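Chemist: This is the structure I have questions about; it appears just below.
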Amino acid sequence: SASAASADTARTAAAASAAAAKTSEANADVSRTAAGDSAAAAAASATAAQTSAARAGASETAAKTSETQAASSAGDAGASATAAAASEKAAAASAAAAKTSETNAATSASTAAASATAASSSASEASTHAAASDTSASLAAQSSTAAGAAATRAEDAAKRAE
């Protein structure tokens, strides 16, 4: 009968709504996970940047020590040159580590952007999860900015060490 068909249609629509709600919930979980990943990547970038800065400082100190030894003793000039070359290599490694941090931050920004796209495709819940995606993108941007600053500092330190 017509009312039975109506009831079936209503049941089908209710099942579709429940499935859409579950999809929305899964997309929100993806967004939250991506935001957590972004925060973790930002923390890792900050740690790597601090390590890079410490290494660059040590390289600069070693280079100055080498310079003093070379000036005070002509016989030690060869050994000082070797130590200065080692300092330069350490500074270059330090700059490379900072660039790796920046790459990791960019990857986490891409992950956050992908999760924002997934969240916007879930029609009924999209407005609820927009804030989580915005937070994720903001964290990724901060992470990228911090890694860029770290790379700049490490490169400056490497130049000073040279």
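Chemist: Between Thr107 and Thr33, take the C-beta separation as r, use R0 = 22 Å, and let me know the FRET efficiency to the nearest 0.05.
Modeler: According to the calculation, E is roughly 0.90.
Chemist: Further question on the same structure: Label-point separation (nm) for Thr145 and Ala43, each offset 7 Å from Cα along Cα-to-Cβ?
Modeler: With each label point 7 Å from Cα toward Cβ, the separation is 2.1 nm.
Chemist: While we're on this one: Could you give the semi-axes, largest first, of the ellipsoid that matches the stretch 6-62, computed as the square roots of 5 times the alpha carbon gyration tensor eigenvalues and rounded to whole Å?
Modeler: 55, 4, 4
Chemist: Assuming R0 = 35 Å, what is the FRET efficiency of Thr100 and Gln69, from their Cβ-Cβ distance, to the nearest 0.05?
Modeler: In this case the efficiency is close to 0.60.
Chemist: Give a residue-ordered list of calculated ³J(HN,Hα) values for the stretch 34-43 (Karplus: 6.51 cos²θ - 1.76 cosθ + 1.60, θ = phi - 60°; whole Hz; x for Gly, Pro).
Modeler: 4, 4, x, 4, 4, 4, 5, 5, 4, 5
A short reminder: the numbers here are calculations on the coordinates, not readings from a lab. Note that the structure is predicted; figures quoted are calculated from it, not measured. All Cβ positions, glycine included, derive from the backbone under ideal geometry; neighbour counts span all protein chains shown.
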